[in-house]
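The next block holds one structure in the form of structure tokens; read it before the comments.
The values are calculated or read from the model by the stated rules, or taken from the named source; none is laboratory data. All figures in this text were calculated on a predicted structure; none of them were measured in a lab. Cβ placement follows ideal geometry from the backbone for every residue including glycine, while neighbour counts extend to all protein chains displayed.
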Amino acid sequence: MTASPPDKRRRILDAAVGVFAQHGFYNARVSQIAREAAVADGTIYLYFKNKEDILIQVFIDAMNEILRRQEEGLVGITDPITRLETFVRVHFESVAESRALAEVITVELRQSSKFMRNTDMKPFGRYLGIIARIVEDGMRAGLFTDTIPSRTVARAIFGTIDELALEWAMGGREDSLPEASRVVTHLFLSGLLKRSEPNVSSIKGERS
């Protein structure tokens, strides 16, 4: 039976992940992707303009799937601290399912000038938005400091998660992702938890 267009598109994207991970984005050829996907070279251009468009679509699809899982995981959780812990944990659990995909979206994607110029893609914006809302909820609850813009915190958290996922994709221990999840949440919660400010006058009195 002939594969339907959606099936071919999915096969092309899945094949691209393996080819990009094995050969690197710049060295990979469309013909290699076509061969792995069992389609003609010209078929790829029915769905994608070029190799870079394939790479970006791999990222978009991966982010959409991670977002779907995160949104499901956050259902019913109202505590901002638990929500942040869950968000980070689900991200790393999703990454752990495919080292090749993790390598593509953390290493090879950086080779795309088109992607680096356009970081306001809808899935990425939604991803940052979820973190920002969690942080804002924590601020309103008096749990998180309100001295740092929530969007800045969101980008910092994503950057840390992305870097640790990169380390794992490049050959980290199999148990390093659960540890990375704990590190990220501890790092940011320790930095975000509201602390009472020291009494300046009392400190001066102690020194005098």
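The helices (runs of 4 or more DSSP H) found entirely in the range 1-64 that carry 1 or more residues being of a type in the set (Gly, Ala, Ser) and in contact with a helix residue (DSSP H, G or I) (Cβ under 7 Å, 6 or more places away or on another chain) are 5-23, 30-37. The condition (being buried (at least 17 other Cβ atoms within 10 Å of the Cβ), charged (D, E, K, R) and part of a helix (DSSP H, G or I)) is satisfied by just one residue among Arg83, Arg69: Arg83. Can we say Ile148 is farther than 29 Å from Glu97 by Cβ and of a type outside the set (D, E, K, R)? Yes, satisfied.
Given the criteria part of a helix (DSSP H, G or I), at pLDDT below 95, surrounded by fewer than 18 Cβ atoms within 10 Å (Cβ to Cβ) and assigned by TED's automatic domain parsing to the domain that holds Asp79, does Arg126 qualify? So Arg126 passes the test. Part of a helix (DSSP H, G or I), touching a residue at least 12 places away in the same chain (Cβ under 8 Å) and in contact with a Pro (Cβ under 7 Å, 6 or more places away or on another chain), is that true of Asp162? No; evaluated as a whole, the condition is false for this residue.
The set of residues in the range 76-111 being in contact with a Leu (Cβ under 6 Å, 6 or more places away or on another chain) and farther than 28 Å from Arg140 by Cβ consists of Ala96, Thr106.
Would you be able to say whether some residue in the range 25-39 is buried (at least 17 other Cβ atoms within 10 Å of the Cβ), small (Gly, Ala, Ser) and in contact (Cβ under 8 Å) with a residue 40 or more places away in the chain? Walk me through it before giving the result.
Quick first cut of the range 25-39, residues buried (at least 17 other Cβ atoms within 10 Å of the Cβ) only: 25, 28, 30, 32-34, 36-37, 39.
With small (Gly, Ala, Ser) added as a condition, the list becomes 28, 34, 37.
Retained after the next criterion (residues that are in contact (Cβ under 8 Å) with a residue 40 or more places away in the chain): none.
Checked against the condition, which is being buried (at least 17 other Cβ atoms within 10 Å of the Cβ), small (Gly, Ala, Ser) and in contact (Cβ under 8 Å) with a residue 40 or more places away in the chain, the range 25-39 yields no hits at all.
For (1) loosely packed, with under 15 Cβ neighbours inside 10 Å; (2) under 30 Å from Ile33 (Cα atoms); (3) in contact (Cβ under 8 Å) with a residue 60 or more places away in the chain; (4) acidic (Asp, Glu), each residue gets a yes or a no:
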site: Ala96; (1), (2), (3), (4): no, yes, yes, no
site: Ala102; (1), (2), (3), (4): no, yes, yes, no
site: Ala141; (1), (2), (3), (4): yes, no, yes, no
site: Val153; (1), (2), (3), (4): no, no, no, no
